[in-house]
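These notes are about the structure you will find just below.
Derivation of every value follows stated rules applied to the coordinates shown; laboratory data play no part. These numbers were taken from a predicted model, which means no experiment stands behind them.
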Amino acid sequence: MQYGEVGFNEYINRERFAHAQHLLVEKGLRVKQAALESGFVDADYFCRLFKRLAGMTPTQYRKQHDALAF
């Protein structure tokens, strides 16, 4: 099923990804907890998807944004 240029599953994953970014930076959750609370069942899959979408691991992302806050 396609909606525009992005498939439904890709759309859902991107929404979950955006929520996980918020949880990692703003709430300071651990990677596995952020993955679960964002609707990902498999933390390994979440990490692979995160790296594909952000170009870095969730831990690297959090560290980069923590450094920007200071």
Per DSSP H run of at least 4 residues, take -39500 (n - 2.57); add these up for the chain, divide by its residues and hand me the 222 nm value, nearest 500 deg cm²/dmol. -22000 deg cm²/dmol
Against the longest alpha carbon principal axis of the chain, how many degrees, from 0 to 90 and to the nearest 10, is the axis of helix 43-54 turned? 90
Rounded to the nearest 10 degrees, what's the angle between the helix 8-25 long axis and the longest principal axis of the chain, both from Cα atoms, 0 to 90? 10
To check my understanding: the extent here is largest minus smallest coordinate of the Cα atoms along each principal axis. What are those three numbers for the chain, in Å, largest first? 43, 22, 17
Max mean-square fluctuation residue, GNM over the chain, Cα-Cα springs under 10 Å, options 35, 20, 54: 54
Straight-line reach check, residue 51, cutoff 18 Å on alpha carbons, 8 or more apart in-chain or any other chain, hits among lysines -> 32, 63
